[in-house]
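The next block holds one structure in the form of structure tokens; read it before the comments.
What follows is calculated from the coordinates using simple rules that are stated; it is not laboratory data. Note that this is a predicted model, so its numbers are computed, not measured. Because the Cβ atoms are built from the backbone with ideal geometry, glycine has one as well, and the counts that use them run over all protein chains shown.
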Amino acid sequence: MTSNESAGLLADKVILVTGAGGGIGRHIALHAAREGASVVVNDLGSTVGGDGRDAARAAQVAADIESAGGRAVANTDSVTDWEAAQRMVQSAVGTFGRLDAVINNAGILRDRIFHQLGVDEFDAVVKVHLYGAFHLSRAAASLFRAQGSGALVHMTSTSGLIGNLGQANYAAAKLGIVGLSRSISLDMARFNVRSNCIAPTAFSRMIESIPGQSAEEQARFREKLKATVRADQVAPLAVFLASDAACEVSGQVFGVRGNEVYLYSQPRPVRTMHCDAGWSPRRLAEQMLPAFRPSLTPLDRARDVFAWDAV
Ligand SMILES: NC(=O)c1ccc[n+]([C@@H]2O[C@H](COP(=O)([O-])OP(=O)(O)OC[C@H]3O[C@@H](n4cnc5c(N)ncnc54)[C@H](O)[C@@H]3O)[C@@H](O)[C@H]2O)c1
């Protein structure tokens with residue numbers, strides 16, 4: 001524990017958390033409030049698949065923050081709506097006078113093996129994750145530029161960074177978010193605006209049903225995760241990245257699972273080969289492939305890479 005840990009890393013800050021009515025987002029909102037932030041608690045209150053609305057979920061989290069002595073306002077708009085994203089930013093400024101950080105956390109799943117994936121299922125998932133992250137980031141960008149500061153934190157996923165079965169729509173959106181974040185960090189550095197990603201693993205309703213597992217495997221997995229890989233354990237990393245304590249950190253991808261945190265690598269060339277005569281498809285087959293074969297990335301799934309338990 002550092003000497004001034006009680007001061008609150010987000011004292012006098014205003015933070016907007018999307019999808020904060022439950023799961024990981026709820027814990028980020030609660031933790032941010034405990035660290036001194038005023039919080040805009042956004043949540044549509046949908047099912048995991050993105051259907052329906054329940055205004056009570058955002059309201060409950062805002063009420064929980066207030067009853068613990070914090071400041072919060074609920075917002076029940078959808079992150080898929082560009083105009084609504086402007087209203088969320090305005091809500092922060094109108095209620096608390098400023099906005100310092102946005103946590104793009106709202107998410108849904110529509111898992112399907114690729115050859116059966118529908119256009120509607122692809123569209124719905126990309127709209128919430130990738131468009132949602134864009135809408136909120138872009139809506140905040142003008143304000144951040146004007147005030148010369150701001151932080152964005154986006155939830156990505158090992159499903160995009162590494163891979164998983166039956167989640168092409170989700171993986172595409174989540175890896176799109178990594179590119180979005182990296183671009184924002186480059187474009188907005190001149191205005192002292194930072195952007196980072198977190199790939200969390202935490203027990204929530206979203207990962208209760210992981211594709212490709214038997215009922216028995218799922219039950220075992222669920223019980224283990226519930227106890228050891230909790231949604232509240234993601235919040236400290238999100239709060240840190242939103243705070244000025246992370247002022248030197250931008251364009252990065254972190255992971256968190258239980259009490260483990262990771263820093264991910266980002267794609268760079270791993271092998272190069274030159275051909276004086278220029279490449280032909282046949283030369284690529286005969287010379288490049290044998291040279292590169294040992295370095296090809298295996299078709300791992302996330303759980304192959306994270307083969308050890310979190311405890
Ligand atoms: N739980 C994990 O292990 C895990 C792993 C990788 C990534 N993630 C990511 O972390 C984030 C939080 O996931 P979670 O596990 O807490 O899931 P969750 O389902 O508990 O929470 C997601 C929240 O987003 C809200 N939401 C959905 N669509 C919305 C919209 N259009 N506008 C506003 N709110 C909306 C939902 O109502 C819900 O409360 C997601 O982006 C998810 O993809 C989670």
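Ranking of Lys226, Lys13, Lys127 by neighbouring Cβ atoms within 10 Å, starting from the fewest: Lys226, Lys127, Lys13. Considering the chain as a Gaussian network with a 10 Å cut-off on Cα pairs, which listed residue, Asn164, Asn42, Asn104, attains the greatest mean-square fluctuation? Greatest mean-square fluctuation among the candidates belongs to Asn164.
For the chain, modelled as a GNM whose springs connect Cα atoms under 10 angstrom apart, the maximal fluctuation among Phe292, Phe221, Phe240 occurs at Phe292.
Highest mobility in the GNM of the chain, judged by mean-square fluctuation with C-alpha springs under 10 Å and restricted to Gly50, Gly69, Gly251, is found for Gly69.
Helical runs (DSSP H, four residues minimum) scored at -39500 (n - 2.57) apiece and divided by the length of the chain put the mean residue ellipticity at 222 nm at -11500 deg cm²/dmol. Note the angle between two axes, namely the Cα long axis of helix 215-228 and the longest principal axis of the Cα atoms of the chain, as a number of degrees from 0 to 90, rounded to the nearest 10. So the inclination is approximately 50 degrees.
In this Cβ point-charge picture (+1 for Lys and Arg, -1 for Asp and Glu), the stretch 3-263 has a dipole of about 220 debye about its Cα centre. Exposure proxy shown here: for Met88, Met273, the number of other Cβ atoms within 10 Å sets the order, fewest to most, as Met273, Met88. Per residue, the average separation of C-alpha pairs within less than 8 Å and at least 6 apart gives the stretch 3-263 a relative contact order of 19 percent.
Residue order for Ser159, Ser295, Ser250, Ser280, fewest other beta carbons within 10 angstrom first, comes to Ser295, Ser280, Ser250, Ser159. Once both axes come from the Cα atoms, what is the angle between helix 55-67 and the longest principal axis of the chain, in degrees from 0 to 90, rounded to 10? Taking the Cα atoms of the chain, the angle to 55-67 is about 60 degrees. Where a Cα-Cα gap under 20 Å defines reach, which aspartates and glutamates qualify for Lys127, not counting those fewer than 8 residues away within the same chain? Qualifying aspartates and glutamates at Cα under 20 Å: Asp43, Asp51, Asp54, Asp77, Asp81, Glu83, Asp111. Between 0 and 90 degrees, the angle of helix 132-147 with respect to the longest Cα principal axis of the chain falls at about 60 degrees. Each Cα pair under 8 Å and six or more residues apart adds its separation to the average, and for the stretch 18-149 the resulting relative contact order is 25 percent. Here's the picture: charge each Lys and Arg Cβ at +1 and each Asp and Glu Cβ at -1 in the stretch 3-263, and of Gly8, Asn104, Leu180 the one pushed furthest to the positive end of that dipole is Leu180.
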